[in-house]
Amino acid sequence: MLLEAPQAPGRLGGESSGDDHFPGIEAVRDSLCRDAAGEVDVGAHRGVGHDAGRFQGADFAPAASFELLLRAYEVARLREIPVRVGTVLTSDTFYSDSADFWKKWARYGVLAVEMETAALYTIAAGFGAQAFSILTASDNLVSRTAATTEQRRRGYTAMIELGLEVAAS
């Protein structure tokens, strides 16, 4: 999920509504971007239920590998791929019962809501491995708009190429 305005996250993935107006990644701060791009995730906040047993109720703040994150950011800038770096909320609930659930998270700077990043980072940390998450926004929680098929294709292609370049370096 992507932020449309300074306090409004969007959803990553999901079904397209066919709407041609998609406030993309750069809309996080200025609501002006027109195309899906990418987000390189620093860390992930976990929703209720993630790893509760693993840490016996204690909080664990999983984070990206700084080396991979920095490389992804540098490659994105060189290739002129619009990118935002920050935290996301990992939730095991695809849709919330509350239409305003995102407001609390946005107030703390969370860029998006997705379903896997916290688990990826936690497992990588447990095995001493490096990990980072590149996310492409598709839907906006506030405006209720979604990327077109073509905007998704462009965004996903840029995300995949960025990930492959980082992996190869």
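The values are calculated or read from the model by the stated rules, or taken from the named source; none is laboratory data. Not measured: the values here are computed from a predicted model. Virtual Cβ from ideal backbone geometry, glycine too; neighbours counted across all protein chains shown.
Does segment 92-105 include one or more residues that are in contact with a strand residue (DSSP E or B) (Cβ under 9 Å, 6 or more places away or on another chain), under 27 Å from residue 74 (Cβ atoms) and in contact (Cβ under 8 Å) with a residue 12 or more places away in the chain? There is no residue in segment 92-105 that is in contact with a strand residue (DSSP E or B) (Cβ under 9 Å, 6 or more places away or on another chain), under 27 Å from residue 74 (Cβ atoms) and in contact (Cβ under 8 Å) with a residue 12 or more places away in the chain. State yes or no: is residue 149 hydroxyl-bearing (Ser, Thr, Tyr), crowded, with 18+ Cβ neighbours inside 10 Å and touching a residue at least 40 places away in the same chain (Cβ under 8 Å)? Here the answer is no, as residue 149 does not meet what is asked.
Could you run through segment 103-120 and say how many residues are closer than 14 Å to residue 142 by Cβ and among the aromatic types (Phe, Trp, Tyr)? Looking only at that region, the number is 1. Only residues that are under 27 Å from residue 97 (Cα atoms) and of a type in the set (Asp, Glu) were counted across segment 126-155, and they come to 1. If you go through segment 152-166 and keep only what is surrounded by fewer than 20 Cβ atoms within 10 Å (Cβ to Cβ) and within 14 Å of residue 64 (Cβ to Cβ), you end up with just 163.
Residues in segment 48-79 that are modelled with pLDDT under 60 and touching a helix residue (DSSP H, G or I) at 6+ places or on another chain (Cβ under 8 Å) were compared, and the one that is surrounded by the fewest Cβ atoms within 10 Å (Cβ to Cβ) is 51. Restricting attention to segment 80-105 and to residues that are among the small types (Gly, Ala, Ser) and surrounded by fewer than 20 Cβ atoms within 10 Å (Cβ to Cβ), the residue that is farthest from residue 59 (Cα to Cα) turns out to be 99. For residue 138, the requirement of being at pLDDT below 90 and of a type outside the set (Val, Ile, Thr) is met. Here the strands (runs of 3 or more DSSP E) wholly within segment 57-169 that include at least 1 residues being of a type in the set (D, E, K, R) and within 14 Å of the chain's Cα centre (by Cα) are 83-90, 112-114, 137-140.
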